[in-house]
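Engineer: Let me give you the structure first, and then I'll get to my questions.
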Amino acid sequence: MAAGQNVGMAQGALDFRPVPLDQDPARAMVVAMRDEIASIYAGVVLDGPEMPKAGPRELGPPGGVFLVGFDSEGVAVCGGGVKDLGDSRCEIKRMYVVPEARRRGYARELLVALEDAARERGYEIARLDTGPRQPSSERMYREAGYQEIANFNGNPVASFFGEKPL
């Protein structure tokens, strides 16, 4: 998806733009996500050595991207990334919607935008994961067509690993 292109959903659709992970608002969003994950899963450090890597290198060019979704007021409300896994496969990482913008369908819009970005980069398969204390995420991924697969990334916290042809 080109920078600034809207996802054609309902009126008020978000404007998704690539933002380097080490620049705001992407950086602030990932920090907030890390804090939230640490509170949901006591002691988990997303950037710890046992966790799959998803930093600026993985979620940046040439094979990756981090998208931030802006609402009609220009406020950053969600973000997520695409990471190259090789063999025409990618992983969707770091999906996050700011708390005050939840329950508006933004996570679904973000997932569609990330899948579009993955297709544009030539990926044929998207993978993702989520943990046992995030049942709404797993439900959304299943409803979006992600089929359960084996643990593909060594994430010690995740309980659902999904894959979808793009």
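The values are calculated or read from the model by the stated rules, or taken from the named source; none is laboratory data. Because the structure is a prediction, the values reported are computed rather than measured. Cβ atoms come from the backbone with ideal geometry, glycine included; neighbour counts cover every protein chain shown.
Engineer: Condition test on D129, is it surrounded by 18 or more Cβ atoms within 10 Å (Cβ to Cβ) and farther than 13 Å from F16 by Cα?
Structural biologist: Values: surrounded by 18 or more Cβ atoms within 10 Å (Cβ to Cβ): yes; farther than 13 Å from F16 by Cα: yes.
Yes, satisfied.
Engineer: Just to be sure before I move on: is V77 among the β-branched types (V, I, T) and part of a loop (DSSP other than H, G, I, E, B) in the structure I sent?
Structural biologist: no
Engineer: Separate question: Suppose we keep only residues that are among the polar types (S, T, N, Q) and in a loop (DSSP other than H, G, I, E, B) within region 9-59. Which one would you say is surrounded by the most Cβ atoms within 10 Å (Cβ to Cβ)?
Structural biologist: Across region 9-59, the extreme among qualifying residues is Q23.
Engineer: What number of residues within region 36-68 are over 21 Å from L85 (Cα atoms) and modelled with pLDDT of 95 or more? So that I can check it myself, show each step before the final result.
Structural biologist: Initial filter on region 36-68 (over 21 Å from L85 (Cα atoms)): 36-45, 68.
Add one more test, that the residue is modelled with pLDDT of 95 or more, and what stays is 68.
So the answer is 1.
Engineer: Could you tell me whether P135 is at pLDDT below 95, closer than 24 Å to S39 by Cβ and surrounded by fewer than 17 Cβ atoms within 10 Å (Cβ to Cβ)?
Structural biologist: Here the answer is no, as P135 does not meet what is asked.
Engineer: Here are some residues: E148, E124, E120. Which one is over 19 Å from G81 (Cα atoms) and surrounded by fewer than 19 Cβ atoms within 10 Å (Cβ to Cβ)?
Structural biologist: One residue alone meets the criteria, E148.
Engineer: Mind listing whichever residues of region 95-109 are under 15 Å from D129 (Cα atoms) and among the acidic types (D, E)?
Structural biologist: Within region 95-109, none qualify.
Engineer: So for region 51-58 (the condition being of a type outside the set (A, V, I, L, M) and more than 16 Å from the chain's Cα centre (by Cα)), does at least one residue qualify?
Structural biologist: The answer is no; no qualifying residue exists.
Engineer: Further, regarding this structure: Within region 123-130, can one find any residue that is within 14 Å of the chain's Cα centre (by Cα), farther than 22 Å from L46 by Cβ and not hydroxyl-bearing (S, T, Y)?
Structural biologist: No, region 123-130 contains no residue that is within 14 Å of the chain's Cα centre (by Cα), farther than 22 Å from L46 by Cβ and not hydroxyl-bearing (S, T, Y).
Engineer: Let me ask you something else. Filter region 75-94 down to the residues that are of a type outside the set (D, E, K, R), surrounded by fewer than 23 Cβ atoms within 10 Å (Cβ to Cβ) and within 15 Å of D129 (Cα to Cα) and list them by number.
Structural biologist: Scanning region 75-94 gives a single hit, L85.
Engineer: Pick from D87, D71: which is acidic (D, E) and more than 25 Å from I149 (Cβ to Cβ)?
Structural biologist: D71
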